[in-house]
Amino acid sequence: MHDREWKEILNGINFQGLSCENVIDRIKERLLASEHQDAHNAYRQWERNSFDVNYLFPLQNEHIDGECTLLHLAASYGLKDVVKALLKIGAEINAKDQDDATPLHWAAISGNADVVASLLKNGADPSLKNKDGKTPIKLAQDNNIKQLLRMAKKRQFFKPTTIRRCLEKK
C-alpha cells in the first residue's frame, strides 16, 4: 500500500475518540472504507494474520518498497495518540522493518520529537542499528531529538520536566 494511503487512514483515526480498545477496529473500518484496492488487499492479508498488531504491512513510497508495522507508520506520521494506543495493545516497541529500522528510527528521521519522547518513555532502545549500522541519533536531523536520544542512551532518568524542556526548545 502506498504511504499516502496509510497516512490518510491513520490521520483519519487520530482524533476520533481513539482508545486502546478501539484502535484496531478504527483501522479496519478505514481500510474497508478506502477507495483504494490496495487498502482492501491489506485488510484481507491482515485478517489472515488474525489482525495481529505487529503484522508487517506492505509499504511503498519514493524511498521504500518494503514492509513495516502500524507502529512504524504512526511514529513516522507523528501520531502520538495512535502510538500510545498501539503500545497499550501490545505493539512491539522495537519492531523491525525490512531494513531493521525500528519505530524510533522512523520517528527520529521524521522529526517527531513528541513521538520520540513517548517511545523512549515506553522503553524503545535507542542503541538499535538498522541494516546500514545507523542508530536513530545518526538519522535524526532535529537537535531536540538528538538530545532526547543522547539522554536515553546514557540511561538518564526521563523526568517529565526534562522531556518538556527538550521539546520546548523547538
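Note the full-extension length gain between N22 and D81 as 0.36 nm times their separation in residues minus their Cα-Cα distance, in nm to one decimal. Don't skip to the answer; put the middle values down first.
Numbers: separation 59, 0.36 × 59 = 21.24 nm, distance 1.22 nm.
Once the chain is fully extended between N22 and D81, it gains 20.0 nm.
Judged by the ratio a/c of the largest to the smallest principal axis of the C-alpha gyration tensor, the range 55-117 counts as oblate, that ratio being 1.5 or greater while a/b is no larger than b/c. In the chain, the longest principal axis of the Cα atoms and the axis of helix 143-153 are about 80 degrees apart.
Taking θ as phi - 60° and the Karplus parameters 6.51, -1.76 and 1.60, the scalar couplings of the range 38-54 work out to 4, 5, 5, 5, 4, 4, 5, 5, 5, 4, 4, 9, 6, 6, 4, 5, 9 Hz in sequence order, x denoting glycine and proline.
The residue list G66, G12, I109 was ranked by how far each Cα lies along the charge dipole of the range 1-143 toward its positive end, using unit charges on Cβ atoms, and I109 comes out on top.
When the alpha carbon coordinates of the range 1-89 are projected onto the principal axes, the ranges are 29, 26, 22 Å, largest first.
With charges set only on the Cβ (+1 for Lys and Arg, -1 for Asp and Glu), what does the dipole of the chain come to about its Cα centre, in debye to the nearest 20? Could you put the intermediate results ahead of the total?
On the way: 26 positive and 23 negative charges, 261 e Å.
Dipole of the chain, to the nearest 20 debye: 1260 debye.
Between S50 and K88, the FRET efficiency estimated from the beta carbon spacing at R0 = 25 angstrom works out to 0.85. When you count the other C-beta atoms within 10 angstrom of each residue and take the mean per peptide, 65-72, 2-9 line up highest first as 65-72, 2-9. Candidate cross-link partners of K153 among the aspartates and glutamates, defined by an alpha-carbon separation under 12 Å and a same-chain spacing of 8 or more, comprise D125.
Find how much the distance from I64 to D100 grows on full extension, using 0.36 nm per residue of separation minus their present alpha carbon separation; answer in nm with one decimal. The partial results should precede the final answer.
Values: separation 36, 0.36 × 36 = 12.96 nm, distance 1.28 nm.
Net length gain for the segment: 11.7 nm.
Here is the tail figure for the chain: Cα pairs spaced more than 21 Å apart come to 45 percent of all pairs.
Here's how it looks for Q98: its modeled amide H is under 5 Å from those of E67, which are all 5 or more places away or on a different chain. For the range 17-69, a simple Cβ point-charge model (Lys and Arg +1, Asp and Glu -1, everything else neutral) yields a dipole of about 160 debye relative to the Cα centre.
FYI, it's all coordinate maths here, none of it is from the lab. Just so we're clear, the structure is a prediction, and the values are computed from it rather than from any experiment. So basically every Cβ, Gly included, is an ideal-geometry build from the backbone, and we count neighbours across all protein chains shown.
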